[in-house]
Each structure stands twice: as structure tokens, then as C-alpha cells.
1. Sort Thr77, Thr114, Thr71 so that the residue with the fewest other Cβ atoms within 10 Å of its own Cβ comes first and the one with the most comes last.
2. Would you mind getting me the FRET efficiency between Val74 and Gln95? Use the beta-carbon distance for r and R0 = 30 Å, nearest 0.05.
3. Would you kindly state the longest site-free stretch of the chain, with sites defined as trypsin sites (Lys or Arg not before Pro) in a DSSP loop (not H, G, I, E, B) surrounded by at most 13 other Cβ atoms within 10 Å?
4. Return the long-range amide H neighbours of Ser81 (sequence gap of 5 or more, or a different chain), with a cut-off of under 5 Å between placed amide H atoms.
5. Among Leu35, Gly25, Val49, whose Cα sits farthest toward the positive end of the charge dipole of the chain (+1 at Cβ of Lys/Arg, -1 at Cβ of Asp/Glu, about the Cα centre)?
6. Rank the residues Leu57, Leu64, Leu14 as a footprinting-exposure proxy: fewest other Cβ atoms within 10 Å of their Cβ go first.
7. Using the membrane-span-like helix rule (whole DSSP H runs, Cα extent along the own axis of at least 24 Å, mean Kyte-Doolittle hydropathy at least -1.0), which helices of the chain qualify?
8. Just to check, using Stokes-Einstein with a Kirkwood Rh over alpha carbon pairs, what's the diffusion coefficient of region 27-115 at 4 °C and 1.567 mPa s in µm²/s?
Amino acid sequence: MKKLEHKACSKRILAIHDVMDIIGGKWKISIIACLCSRKMRYSELLHEVNGISGKMLSRDLKDLEMNQLITRRVVDTQPISVEYEISEYGSTLKQLTDDIANWGLEHRKRIFETTE
């Protein structure tokens, strides 16, 4: 029985590592959370994700697009603009981002209440 439990645990840990490779890092989950609420232009994301550099935003957007979590669309405006939107597949992460945000709010409240 213990060997089966260990194998199941190992599979779950491997799956968690896979997820963290895709959405890990300082900014990706914030980008995903923003795009779960609405599609945004690059400049809007740069403004909304406080502290991210343009170079990092570009890199993370490319990674998220490569992993099919977001879509990129060139809009024929003057000047041309680019919009990013959560993909149907990426929208499966909405509940996860909501859960992380809710946990973070509760944790912040708990920590600040105990340190005061």
C-alpha cells in the first residue's frame, strides 16, 4: 500500500512541477489573471502588471502563447496594435487564479493581524 501511495504522490509532484514550469515565475500568473477578466493590449498589460519590464512581459507573453494559454491578435488600427486574450484552454486556469487570490487575501489578513 505504501508503494502505491508513494507512486501517487510522485505523480502529483511531477504534475505540480509541470504546472510551475508553465505558469511559474514572478509574472505569468498575474498576466493570466488579468487576461481572464478581459482582453488587453500590450501597453495595458504593462501598466496593469505593476513592476514588470517590457522585456519580461514580451518573453512571458510568448511563453504563454506557446503553451496555448493566451492568443495574440494583430488589430488593423492606425498605428497597428496587438491584443492578448485568454484562450479557451487558458480560461481553465481562471478558478486557480481566483483561488490563489482568495488564499493570498486571507493569508495577508492572517499575517497582518498576528503581527499587530
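1. Lowest count first: Thr114, Thr77, Thr71.
2. Rounded to the nearest 0.05, the efficiency is 0.50.
3. The answer is 39-116.
4. Those lying under 5 Å, H to H, from Ser81 are Val75.
5. Result: Gly25.
6. Fewest to most other Cβ atoms nearby, the residues stand as Leu14, Leu57, Leu64.
7. Helices passing the filter in the chain: 2-23.
8. In µm²/s, the coefficient rounds to 92.
Every read-out reported here was derived from the displayed coordinates using simple, explicitly stated rules and does not represent laboratory data. Predicted, not measured: the structure shown is a model, and the values here were computed from it. Because the Cβ atoms are built from the backbone with ideal geometry, glycine has one as well, and the counts that use them run over all protein chains shown.
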